[in-house]
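One structure is given below, encoded as C-alpha cells.
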Amino acid sequence: MIETGVKRLPHILLRSREILRHQQAVDENGAIVGYVRWKLPEGREKEWREAQIPDVSKEKRREF
C-alpha cells in the first residue's frame with residue numbers, strides 16, 4: 001500500500017492546484033512533524049500562492 005501511495009503522490013499533489021494548498025511543519029532539526037492540505041473557497045483561487053504546489057512541465061505530468 002505504501003509503495004503504490006508513493007507512486008501516486010506526485011499526481012495527487014498536482015491535482016486541483018488552483019484550489020488546494022499544502023503546508024508542512026518542520027522542527028528545528030528539519031524533520032517533518034506535520035502536514036495539512038486546505039481547499040480554498042470558491043472565488044479565492046488567487047490567494048495564498050506560497051502554499052500552492054509549483055507547476056511542472058507537460059512532460060513531467062505525463063511521467064506522473
As a footprinting exposure proxy, order Val36, Val56 by other Cβ within 10 Å, with the fewest listed first. Val36, Val56
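Rounded, prolate or oblate for the chain? Axes are the square roots of the Cα gyration tensor eigenvalues, ordered a ≥ b ≥ c, and the cut-off for rounded is a/c under 1.5.
oblate
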Could you work out [θ]222 nm for the chain from helices alone, using -39500 (n - 2.57) per DSSP H run of at least four and dividing by all its residues? Round to the nearest 500 deg cm²/dmol. -8500 deg cm²/dmol
For the chain, what is the relative contact order in percent, using Cα pairs closer than 8 Å and at least 6 residues apart in sequence? 37 percent
Under 13 Å by backbone N from the virtual spin label 7 Å along Cα-to-Cβ at Ile12, the residues of region 27-64 are 35-37
Taking 25 Å as R0, compute the FRET efficiency from the Cβ-Cβ separation of Trp48 and Asp27 and round it to 0.05. 0.60
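For the residues Ile2, Ile53, Ile19, what sequence is obtained by ranking on other C-beta atoms within 10 Å, fewest first? Don't skip to the end; give the middle numbers.
Working: Ile2 6, Ile53 16, Ile19 13.
Starting with the residue having the fewest Cβ neighbours, the order is Ile2, Ile19, Ile53.
Only the coordinates and a few stated rules stand behind these numbers; no lab work does. As the structure is a prediction and not an experimental result, all values here were calculated from the model. Every residue, glycine as well, gets a Cβ built from its backbone with ideal geometry; the counts of neighbours run over all protein chains shown.
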